[in-house]
Amino acid sequence: MQSETPKKIFSSLLVIILDVNPAQDTLLSGEIKLSSILSSVVAFANSHLMLRTHNKVAVLASDPNSCDFIYSDQDELDFKKKTVSSCKMGGSQYELFSHIDRSIKFNIVKFLKDAAEEPHMSRDTVFGASCAKALCYINRLQSNLFPGETMNSRILIISGCDNEGDKYIRCMNTFFTAQKQNVAIDVCSLTHDVTLLKQACYITEGSYFRMPKLEGLLLYLQWIFLTEPSSRKKLVIPLAPQLDFRPFCFCHGTLTAIGFVCSLCLTIYCKISPICTTCEAVFKVRSAIAVKPKKKKIKTTTVNN
Amino acid sequence: MDETEVKEYRWEGGYEKTWEEVKEDEVGNVEWSVKEIIEKSKRLLATRQPNVRLGMMRHLFVIVDSSNSMVEKDLKPTRQLCTYKLLQDFIQDYFDQNPISQLGLITTRNSSAERISELSGNRKYHLEELKKTFGDFNYCNGLMSVQNSLEIALSVMKMLPSHTSKEILIIGSSLSSCDPGEINTTIEMLKTNNIRVSMIHLAAEVRMFRHLCNETKGKHNVIVDDVHFKHILWSLVEPVPLPNSVDASCVKMGFPQELEQKPPFTTCSCHLAEGGKLNAKGFFCPQCNSKYCELPVECKCCGLILVSSLHLARSLHHLVPIKPFIKIELEEGSSAYCYGCRKRIKVPAENVYFCESCKKHYCDGCDIYVHNTLHVCPGCAVKRDEKR
Ligand SMILES: [Zn+2]
Ligand SMILES: [Zn+2]
Ligand SMILES: [Zn+2]
Ligand SMILES: [Zn+2]
Ligand SMILES: [Zn+2]
Ligand SMILES: [Zn+2]
Ligand SMILES: [Zn+2]
């Protein structure tokens with residue numbers, strides 16, 4: 001017996017990326033304990049699930065060496081199997097919440113134990129890889145929707161990191177992919193302003209928020225990040241900070257307003273150089289003079305090196 | 001064929017056209033073959049070799065067949081409107097992925113050809129010109145002339161410096177071309193100028209068109225349906241390997257910062273035709289101080305291309321392509337989790353893919369997603385030792 005038209009289902013998938021890098025000074029100084037951040041995250045995940053029956057949530061833990069799911073639909077499957085076998089059909093919502101709580105705490109301990117075995121070669125959390133995994137996950141769930149189901153997806157990064165060292169191209173690739181697929185990246189920064197993460201919000205039209213003080217993480221999360229990005233305009237939410245998108249030149253590392261870009265590898269120089277030090281291309285010097293001959297009178301300051 | 005006959009499947013219209021590509025002796029397997037063609041086009045991108053020199057600075061002319069064959073309804077709603085829609089997306093994607101490149105549009109109808117937009121990096125300009133001409137549903141008429149179109153493109157591209165990648169894309173719908181002279185002399189001219197000609201044909205393979213593409217080292221494709229059309233167009237958005245004879249160059253560009261003016265506000269140069277917009281915020285050309293409300297744009301006053309570093313970052317992924325994953329066999333009954341999406345891969349019913357650099361397993365879906373869309377291997381991204 002098939003129903004004629006599939007019911008319209010709206011759902012929302014939230015993927016939380018939790019920075020558990022032990023080098024975060026908030027954790028080092030003991031101002032905030034990882035366990036209290038975790039409880040806030042679990043409570044926030046539950047609030048998201050309570051908004052709509054079909055809402056979904058996944059959590060990734062991330063540090064300088066690795067990133068891994070600490071809660072995903074695989075854990076949810078385990079729960080469904082268990083509740084069916086013990087004849088409690090479906091399981092109450094309360095039971096699901098305590099299952100999420102248990103799984104996350106069990107998996108994070110495993111993650112931290114594995115992480116402790118390898119020394120950290122760097123202080124930088126792998127945000128690029130975490131976002132890449134989150135997007136793969138979103139892509140899979142998106143392609144397995146029921147007929148008639150539409151799903152919004154978003155990523156929330158919670159971090160107390162102050163470093164900028166993650167690989168630029170990788171991070172940018174994931175941010176642009178997120179933008180193309182309408183996945184907003186939200187950032188809740190515990191202490192520092194991180195330019196890389198601000199760019200993620202800017203590109204994907206997510207919200208960036210830096211906590212003024214360390215207390216009340218859960219309240220801030222629920223105040224700012226519980227609503228869908230599309231309906232946040234109605235709320236009074238701190239505005240994203242202005243960003244400067246002028247590049248730093250490769251040769252001196254200074255901000256550049258007029259630059260010379262290698263046509264093969266897009267490296268930016270502030271002066272014309274005869275060769276590209278990144279890809280070893282040799283430039284024809286004359287070709288740098290004009291990009292395009294214009295019919296109108298051009299008052300270019302001609303560069304003759 | 002009966003005009004009123006309603007086609008049940010979208011691709012049905014396609015497979016009679018690409019009959020040559022579908023193996024005729026296995027008529028029972030036709031559906032499978034069509035699927036295979038589409039599958040192949042999906043994986044097209046994943047096979048690129050790393051470490052080839054790419055032409056990041058491209059000059060591309062798109063020649064659009066505007067003959068009366070464009071009114072056919074085998075693409076929905078018509079060939080013309082389907083092409084129009086996909087071409088608009090193509091122009092957007094082209095400039096997203098090729099921020100320092102230029103494009104020009106040529107249409108061909110009534111046995112002649114017309115340059116409807118000049119080579120330029122201004123996407124709005126092309127979209128507007130396209131709308132005025134090909135976007136009008138009465139526009140298509142008469143016969144197409146491939147040679148006349150190529151000659152127009154040639155006359156402009158001959159003048160271009162040697163460090164750019166020169167390409168022509170023909171979107172063809174007619175099975176013949178109304179040419180004034182010997183096409184082979186034109187082909188020779190294209191070859192001496194290092195111009196690559198590719199073609200997407202909406203109906204069938206024509207030997208002369210295939211010859212033209214082969215001789216100039218371009219690609220020739222016949223589409224199966226609109227989805228396939230879209231995939232092929234998307235594959236042409238990616239920069240192509242550069243012939244060795246082409247030189248590198250240094251392109252001068254401006255990177256203006258968004259600044260807020262104190263009143264009185266000035267109008268922007270980009271909307272001068274509409275009287276200009278009064279805006280407090282704007283981007284100011286670092287060379288001549290003209291004001292613009294949007295980037296990227298080519299400065300109307302001094303010709304400098306104005307971009308933000310984000311526009312360049314958008315195409316950097318072409319320079320660090322990901323090696324194809326290899327398909328591996330796991331023991332029956334063993335299970336693997338996909339490193340990307342954490343799907344439990346059922347062996348042997350589902351394929352397992354393996355990244356040789358990070359030694360992680362991936363599922364079928366992630367293999368395609370990582371190579372075609374994401375351009376980042378999640379496993380490789382946690383490694384520290386790599387350069388970028
Ligand atoms: Zn410099
Ligand atoms: Zn270079
Ligand atoms: Zn690409
Ligand atoms: Zn304007
Ligand atoms: Zn200017
Ligand atoms: Zn996967
Ligand atoms: Zn890998």
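Tabulated data for the structure shown
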{"read-out": "Cα centroid of the range A:30-68 to Cα centroid of the range B:291-316, whole Å", "value": "40"}
{"read-out": "Violating pairs (Cα-Cα greater than 21 angstrom) within the set B:LYS158/B:LYS191; A:LYS233/B:LYS124; A:LYS180/B:LYS219; A:LYS167/B:LYS323; B:LYS85/B:LYS124; A:LYS180/B:LYS343", "value": "A:LYS233/B:LYS124; A:LYS180/B:LYS219; A:LYS180/B:LYS343"}
{"read-out": "Extension reserve of the A:LYS7-A:ASP25 stretch, reckoned as 0.36 nm per residue once the Cα distance is removed", "value": "1.6 nm"}
{"read-out": "Average beta carbon contacts from partner chains per residue of A:94-106, 10 Å cutoff", "value": "0"}
{"read-out": "Exercise: per-residue mean of other protein chain Cβ atoms within 10 Å, A:244-250", "value": "5"}
{"read-out": "Cβ crowding within 10 Å averaged over residues, with A:11-18, A:58-65 ranked highest first", "value": "A:58-65, A:11-18"}
{"read-out": "Relative counts (whole %) of C-alpha pair distances in the range B:295-346, using bins that are 5 Å wide", "value": "4, 12, 12, 12, 11, 9, 8, 8, 7, 6, 5, 3, 2, 1"}
{"read-out": "Amide H contacts of B:LEU54 (H built 1.01 Å from N, under 5 Å, at least 5 apart or other chain)", "value": "B:LEU242"}
{"read-out": "Integer Hz, Karplus 6.51/-1.76/1.60 couplings in order for the range B:97-103, x for Gly and Pro", "value": "8, 10, x, 9, 10, 10, 9"}
{"read-out": "Peptide B:155-167 - average C-beta neighbours from other chains (10 Å radius)", "value": "2"}
{"read-out": "Kirkwood hydrodynamic radius of the range B:115-272, from inverse mean 1/r over distinct Cα pairs, in Å", "value": "18.5"}
{"read-out": "Packing-based order for A:205-212, B:376-383, A:24-31, using average beta carbon neighbours within 10 Å, highest first", "value": "B:376-383, A:205-212, A:24-31"}
{"read-out": "Residue-wise HN-Hα coupling along the range B:347-352, computed from phi with Karplus coefficients 6.51, -1.76, 1.60 (Hz; x: Gly, Pro)", "value": "9, x, 4, 10, 6, 10"}
{"read-out": "For A:ILE9, distant residues with modelled amide H under 5 Å away", "value": "A:GLU149, A:THR150"}
{"read-out": "Segments B:247-259, B:229-241, B:182-194 sorted - mean Cβ within 10 Å per residue, highest first", "value": "B:247-259, B:229-241, B:182-194"}
{"read-out": "Residues whose placed amide H lies under 5 Å from that of B:HIS201, excluding near-sequence neighbours", "value": "B:GLY172, B:ASN221, B:VAL222, B:ILE223"}
{"read-out": "Phi-based couplings in Hz for the range B:364-373 (Karplus 6.51, -1.76, 1.60; Gly and Pro marked x)", "value": "4, x, 5, 4, 5, 4, 5, 7, 8, 10"}
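We did not get these values from a lab; they are worked out from the coordinates using the rules stated. Treat the numbers as computed from the prediction; the structure is a model and nothing was measured. Cβ coordinates were reconstructed from backbone atoms using ideal geometry, including for glycine residues, and neighbour counts include every protein chain displayed.
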